[in-house]
Every structure is written in C-alpha cells, then in structure tokens.
C-alpha cells in the first residue's frame, strides 16, 4: 500500500502477471513500477464448505480448478477456472487477476507497432475506437471466465484500501465501459471473494472458443437456477461474458424463467431473449453472426443441463 | 492415356540387388540423431548462440500496406547512446529474390513499401531494447497509397499498380498449358461437371522464430548462422546483395525449430545482419518476434479455382480444364513456381488424357506468399478431390471405388510428361477403406456424422534446381577414420524432419555399421558439399542417394581387403553391425574397424564423394520445369467428422492415412512426418486462416492466429505403404509433405456426408457451417 501510495499511478499491481505482462510487452500497460502482491498473506484466504466460501484474491486458478471442496460445492466455479488458457497460466494466474482482468479487443491487444499502424485506439493513445469509429465509447470485451460464474453464485467481493474495507456484490464493481471496466478507485485492491452457500442452486458454465485450450471465451454463459419443491423456478441468474465490456446479466431471460418450471418452451424463450440481448462486436475471434447464435445455444444448453433434459435439440432435420 | 516406359530408369541409384533384401538399419525404429541435445535443451538454436562482443539488430517495418517512402531521417536514432549502426534501403540497392525470374525485393524498402511489416531500416545496438528505441527514433515520411487487399481488387479495372512493371493490372504472371484435344475430350464425355472453389491463405507457424547471427571478421570473411532451410541459396543471395565473392561467405545452419517452407529463401534480417556487423565491427544477432514471422510469411497462397471435368459413366476422366488465380502478396518469392504447381500435378494420381491449365498470380499489399508444405499443390488438390466427390455422387459411384478405378498405373507417363515409377496408391486406398470401415460408414451415418476420403500426390524433390545449372543437386563426402568412425559431410539443413538421421541410416546400411559409428557434418556451406536445401521433399531422395553413392565406393574398398583377409570372394561378403562376414560361413568375420585400417594401408586415406543429379525428365514445352520429379509419393486419407448442427462446430474424430513412401528408412520418424502433415492439413481445413483487416494482418500472434493444440487434434491412424521405388535410396520416396494434401478435401467431403452440403472454401469454420445450414432451412421453409 505504501509503495502504491509512493509511486501513484506510475505503479501497477501484479499477482500472477499473466494479464499484465503481455500488456506491458505490447506497451498498452506502461507502469514505471510493478508492485508484487503475489505473496501478501491477506490475499491467501481459502475456506470452503457447504456453508459458503471465502477465497483470497491470491488463490491460484489451478487451485480453484483442482481443489476437492470447490469441485464438490461449487463445481461450476472449478469448471470455469479449468477452462482458462493453459495449465501453465492457471498455475500462476490468480482469482483476483481474473476478477480484475483488463478488457480485451483485437485492436488493443496488439504490439505497439501494430497499434501505431492503425493509428492506435481509444483504449490507449487515441480518441477513436477502431471497432466503432463514430462512437464515443470503447467496446473492449470483458473476457473473464470465473466472473460470470461468481456473479451467478451471488458472490460478494471484499475491496480494501489502506485501512478501509468494503464488501459489495461482485456484480457492482463492473460497468459497461471498455476503458474503465470496474468502479474500483486507485489504491483499492480486491482482497477476496465471499460466496454464499450453494443450497438449492444449480449453477452451470458454458464457454465457446475455437480451440479447447489457450483461448479466451468468444461467448461464455453462467446460469444459476433455484427451483422450489414443485419444480417452479424461484430464482434465475444468467450472466454473459465476452459479449460486452462487463459481465452482463441477461435479465429479460431471467424474468421469463422465474415462476414456471424449466421446459423446452421456457428454455427456448430464454434462449431467444439472450439472442436478442447479446450484442457482440467485431473485436474478438469468430464472427458476430456466430457468437450471437452461440449465446443462445449456450444458455439453452446450460438450462437443459440444469433441467436434466437431453443436451441438444436437433433444429435441423 | 498413358505411355509405358520403355527405357531403363535413368537415376543414379546404381547397384540395387534384385528383389527384396534384408536390412540391418533401414526399416528399424531408432531415435533421432540429435534427440539428446533437443530433449535436454542443449541444442543451440540460432537464438542460443552468443559470440564475444555481440550486439543486437532490429528492423523498422512499414506501418502502411502501401505507401511511397519519401524520406528517412536516422540522425536522432544514430545519436542515441548504444546505437552502433543504422541501414536504410539505399545502403543495399541490389535486388534479389529466390527465383531468377523474380528479382524484386530489396532488403530494406526503397521509394515504396508494399505491405504492412515490410522492413525499411535496420539498427544495431548494444541490446535489443536500445535497438527498438532507436527504430522508434527513425523518422520516416510516407505518402500513403490506396492498398490492394484481395484478388478482386488486384484485378479491378482501376486498381492501383503495386509494381509499375506489370502490364495488365496487378497480374504478375499468366500461364497457359494445354495437352491433347480438350474439345474432343469433352465431346467424348458422358457427363461434364464444373465447380468453383476458394482456398484461404494460411502460414507455417514454425516453433522457432527466424533468427540470425552474423560475424564480418576483420579479414573480410563473413560467417552467417541462420535458421534456414536453404543454406546454399542464402549463400548465393548474400554474395549477390553484399557484392562479395561467395568464397568469403560461410553459412552455417544451427538446429532449426521447424520451417515448413517458411525459411526457404533469404530474408531481410539475414542480409542486413552481416552488413551491420561490418559497420559496427561487432557480431550481430537478430531474432524476429513472432509478429515479424507473420510478416515474413511466404505461406500458403489464397487461391480461387475453377474446374471443369468430362467423365464417362464409370468415372473415367476424358478431359480436365483447370484454372487458378493466386493472391501472391507484395513480391514474387517462389510465386511463379507456386502458380505452375497449382496446375502441374493435377494430371495425377488419376489418368487425365487431355488437360488444360490456366494460372495467374496477382500482387496484393500483403506479406508475400510462397511455399508451404505441399507447395501450390494443396489448393488444387482440395478443389479436385471435392469436385470428384461430387462427380462420384452424381454418377452413383462409391467415391473410394471410383478413385481406385481411375488411378494412374506404375511406370507410365502423364499427358504433361510426368514420369511415374512406383505407385502404391491402390494399396493405400484399400488400407484406408479397410481400416476406416469406409464401406459400412460412407453415406450411412446418422445426420451430423460423416466420413470422407481423398487422395493426393507429391514430389520426391523437384527435378530441376531453382537456378539453372548442370551440377548435382546434392553432394556428400564420407571419410572413415582408423577407429572405424564414419563421418558424413553433406550440406543438408535439418529443420526437424530428421535429414541427419536419414544420412546416418543410409550410410550405416551401406557400410554395415551401427548408427553409433556415424558422425555428421551438415548444414555448413564451407565444410560440406552442396545440398540445394530442405524444400520440395527432396532431401531423402537426393542427399540420400548422394551419400549412398559415396558409401558404396568405400564399401567396395573395404570388401576388397576383407575378401583378401578372409579368403572369400567379395560377392559372398556381407556387412552388418560393424562386422564384415562370409554369408556362407558367418563365423568368418572381419571387424569393420580392422577392415578400415587394412583398407587405409592399401588405398590411402579412406574418403569418397557422391552426388545426385535427377534424370532429365522435363517435357518439351515452356513451363515443363515445374512438376517433374524422380519419384512421386501418393497418399490416401479418410476423415470421420461430427458436425454439431446447432452450433456449427466441426469435430474431426479420426483421420486414417496411408502414404506410399517407397520405403520407411526409420518408421518412427516417418510416422512422425505423416502425423505432422495430417495435423497441419486438418488445421488448414478447419481453423487456420491468415486474414487482413484495414490493410493489416488481423491476428499476428499465437493467441489469435488459431493453430490448434493437442486437445483439439483428432486420432490419426497411420499406414506406410512400401512400394520400393527403383531409384530412391533403398527404395525410399518422400514423406514430409504429401500426407497433408488429402486431409483437407477428406474433411470437406466428410462434412458433406454429415450434413449434405458442400462447402467450397477453407477453412470450414462453425460460422460457415451455420450460415449454410440456416440458408438451407430458410429455403426449406420458403418452399413449404
């Protein structure tokens, strides 16, 4: 904290470095100083049981992936962690790093020379967004895999700053702005995550990418459903990643599901609502056409898994 | 229509004993020659080299795809502390290019830049960081010009000219070849089919980025260590551009981390490094970044193709008319050869009695395209095999059986004067049919699942050198020391395909020693005789024959002294495992090292040279230089796929491949080459594409240029067909490139079998599949 205070905005925090170091090489991050928080004891908390979880921000992604308690109590979280990049990255990358992952864009995550050739972009060194040059905002994409799952699990985040500590819903630190994807202020550090008990909720994460390793999501959907004893959906959370600058709740689809049992019809209706809502831009791999359709398919598949219906419905004869 | 060969094969393989013989080294599985160094990290790649006082170079590259280069001011950069030397285009005015007919590149651009990433200046500095800072301090004034980014734009009426000399728009080269009476052929046909295809460009992605170390010594001798497939051609280009006698230049090839065609010609960094060394008085190292490797490119051309085929009811081809337009990128590179290659091998592996080929290559403002594994034959093979799948379906024929029925026969000539010797493709097709359970699966799997099959052909080395000369294509020198050690000197460049072990295997077999007795000096233009390079799958056939020829001479001397010592006639002697022995009385033995000492006493120092020149095979027409090869490899592949009709995702579950490689010298390495080729073909079929946006490479990184990983890779079932080529070393033909080509159409045909729609462009992405499925659904509902 003192180091951060001393060097101000010339300094950046680094835990695993799997997000920051490529950005430094591309010169989209140009800190004079890097403050390592990898070994801070305050970030190493790790308590998991049926009564909930408190996970330090320094928790390695590989631990989330493999820890038997996480796998038992929050299997969707373990799965989402296991789908991040490659084992080497998961071995050093942290939960806090995934929560604070910089937004991504294929006009932005490029070398200095490449960005110079295109005249730079709004997220770094230019007033113009290359994705939508006429607009006044940055469209870089929120690309974390664990975050939609944590929001679906109704997790809270612990944020510390000096001696101040605040706890707020994880969802609340994000905003739809590629430039400033979180509301965290300078000097605030994500200390950890608190996840409520999973009782009654079934949570599923679905990720689409072109390769089965390395790749960030081109669409990711986390769905969490609590049904009452008669099978009526009492609560639904659907969170999309990689289709906006923040983890976006699919509230229209959630509303459609609540108050009725999960059926083929309600699942298709939710899929349609997600399809209408998801507005990917042309700044990742894949195409808008396909990613928009994948958003629908992934939410339908997640819901089918939860409802224990057959995984796919053959649309094409 | 094929002609029987009446003359004896004219290759120099020489003393083949009749019939199948047993081998002591050939055909045995063994480790790669350099396995230990590579597995333990001790292998010194170009980037691992460090010389005393070495400094670092870097290239400044154009940010514009197309611009006039008005002014370069290097004063600020030159004044930075730690900067030793700076070069711009004017310092290296001599143009060069791998083909004598395409001398169109400067090491650093002069007056004009033609692709984003083209080098315009070079800096040598105390470290890489300083060199990068210095590049940024160089002030370049550009006048941007409208870029030409596609075949259509290059052929538009009002297109800006990329090279002033092109006569018609941006067309670099047009070729027309016609064999036989095409009209008569189509008149004879029962059916005529016509299709169009597009093959998207892609690049090599070798594990090792290009790197060079150059040392211009005070005595004027220049040594260049470079990760190159073609040290001999680099040697020539350096002599030309540096304006030095070649005798003062030495090119050394350290272990190379893959090439696939992407390191087969001289690159800017290889040319500027020695000059920076001369100016600074220090050795200079330049390692390219991964992004720069994408700008070097020389990879697979995007190609538009059109094909028209006349067939009889049983599939027999009566005529084929084929045309291709290649998107060449900004410079010539190998492109004229590539253009010919999109036509040259289309008369194989099926009998094509009348054939016309029209090809042209256009310039665009993109990194130059060149040779990638299967050089220019992969794109037309995709088109032809997808086309024939449709032909077979329309004729009501099984596509595998139809192919088997129309195959070329061994020992024949094609209509365009290609000589076929051994051909094991019939066996390959049968193997794939059987192992893939083709007959039970094709056309019978449930919707969304399918199987497809295709065949292909490739060269065992180009029959002609890249620059005209009457000298051998490969030379080898062998010496035997008094301890029985055998050292082989050969200019081959081992780029991971294991040409080193191939040399060791051939020589060990010929001399009857164990592999351990062989020492190799390769990839060095001063220490070893010329080999033209690791391209066109030529090394096993050509360097292998050269080494065998040298070894055979030494074997004769050793047998002479052994016959005398053992008192046995030479024709009764055999050699294996370091022992020369009497075949009739195997207890009569002479150890190899003792024979070597006796032979040295008798004949003097034990050394011999061998060389290989391919037989003259080119036909009597212009353009006949591309296509002839002393032998062709043949491949059949089948792919089983599953298409998720909801998401459009395509999963290739298994690929069966059978490759006629003549003989597997080292089966383990040959299987590795086949599997590598299959992997690369499958990747090109399903995911890889080199695409551009706003004049820039869209994804010059390993994260975003999607080269698939282990989890994505399908099971591969590999069969090696040994057709025992009459001229190959111990019957061997190529294995490094051929197995790639049939995989792409096999996957395409399998997708058709799965969903009933023919995709006509690569790669087959989920996006494309969903598009065609949605279009069909809309048509179906409109029809209701």
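See the values below:
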quantity: The stretch B:408-469: C-alpha gyration tensor shape, a/c 1.5 cut-off, then a/b vs b/c; calculated: prolate
quantity: Radius of gyration and Dmax over the Cα atoms of chain A, both given in Å; calculated: 19.5, 66
quantity: Per-residue mean of C-beta atoms belonging to partner chains within 10 Å, peptide A:276-289; calculated: 2
quantity: Residue-averaged [θ]222 nm for chain A, counting only DSSP H segments that reach four residues, each worth -39500 (n - 2.57); calculated: -8000 deg cm²/dmol
quantity: Pairwise centroid distance, computed over Cα atoms, of the stretch B:649-667 with the stretch A:216-272, Å; calculated: 45 Å
quantity: Relative contact order for chain A, counting Cα pairs under 8 Å that sit 6 or more residues apart, in percent; calculated: 15 percent
quantity: Average beta carbon contacts from partner chains per residue of A:207-219, 10 Å cutoff; calculated: 4
quantity: The stretch A:43-195, relative contact order in percent, only Cα pairs under 8 angstrom and at least six apart counted; calculated: 24 percent
quantity: Neighbouring partner chain Cβ atoms per residue of A:293-300, average, 10 Å criterion; calculated: 3
quantity: Cubic angstrom per residue, convex hull over Cα atoms of the stretch A:201-307; calculated: 88 Å³
quantity: Least to most buried among B:636, B:670 (fewest other Cβ within 10 Å first); calculated: B:670, B:636
quantity: Percentage relative contact order, the stretch B:29-132, counting C-alpha pairs under 8 Å, at least six apart; calculated: 37 percent
quantity: Unit Cα scatterers, Debye sum, the stretch B:571-613: log10 I(q)/I(0) for q = 0.23, 0.30 Å⁻¹; calculated: -0.83, -0.98
quantity: Paramagnetic reach from residue B:35 in the stretch B:645-688 [backbone N under 19 Å; point 7 Å along Cα→Cβ]; calculated: B:664-676
quantity: Proxy reagent accessibility, fewest Cβ within 10 Å first, across B:413, B:35; calculated: B:35, B:413
quantity: 222 nm mean residue ellipticity, helices alone, for chain B (DSSP H n ≥ 4; -39,500 (n - 2.57); rounded to 500); calculated: -8500 deg cm²/dmol
quantity: Footprinting exposure proxy for B:45, B:621 (fewest neighbouring C-beta atoms within 10 Å first); calculated: B:621, B:45
quantity: Tilt relative to chain A, helix A:288-307 - C-alpha long axis, 0 to 90 degrees, to 10; calculated: 50 degrees
quantity: Quotient of Cα Rg and 2.2 N^0.38 Å for chain B, N being how many residues it contains; calculated: 0.97
quantity: Rounded Å value of the spacing that divides the Cα centres of the stretch B:307-337 and the stretch B:135-178; calculated: 24 Å
quantity: Distance between the stretch B:399-419 and the stretch B:19-74 - C-alpha centres, whole angstrom; calculated: 39 Å
quantity: Net length gained if the chain between residue A:180 and residue A:69 were fully extended (0.36 nm per residue, minus Cα distance); calculated: 36.6 nm
quantity: Cα gyration tensor of the stretch A:1-150 - equivalent ellipsoid semi-axes, whole Å, descending; calculated: 31, 19, 13
quantity: Ordering of B:519-525, A:290-296 by burial proxy (mean other Cβ atoms within 10 Å per residue, highest first); calculated: A:290-296, B:519-525
quantity: Approximate shape of the protein assembly as shown as ellipsoid semi-axes (Cα gyration tensor, √5λ), whole Å, largest first; calculated: 52, 37, 31
quantity: Theoretical FRET efficiency, 1/(1+(r/R0)^6), r = Cβ-Cβ of residue B:394 and residue B:166, R0 45 Å, to 0.05; calculated: 0.65
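Values in this text are rule-based calculations from the coordinates and carry no lab data. Keep in mind that what you see is a predicted model, and the values were worked out from it rather than measured. Glycine gets a Cβ as well: all are built from the backbone with ideal geometry, and neighbour counts include every protein chain shown.
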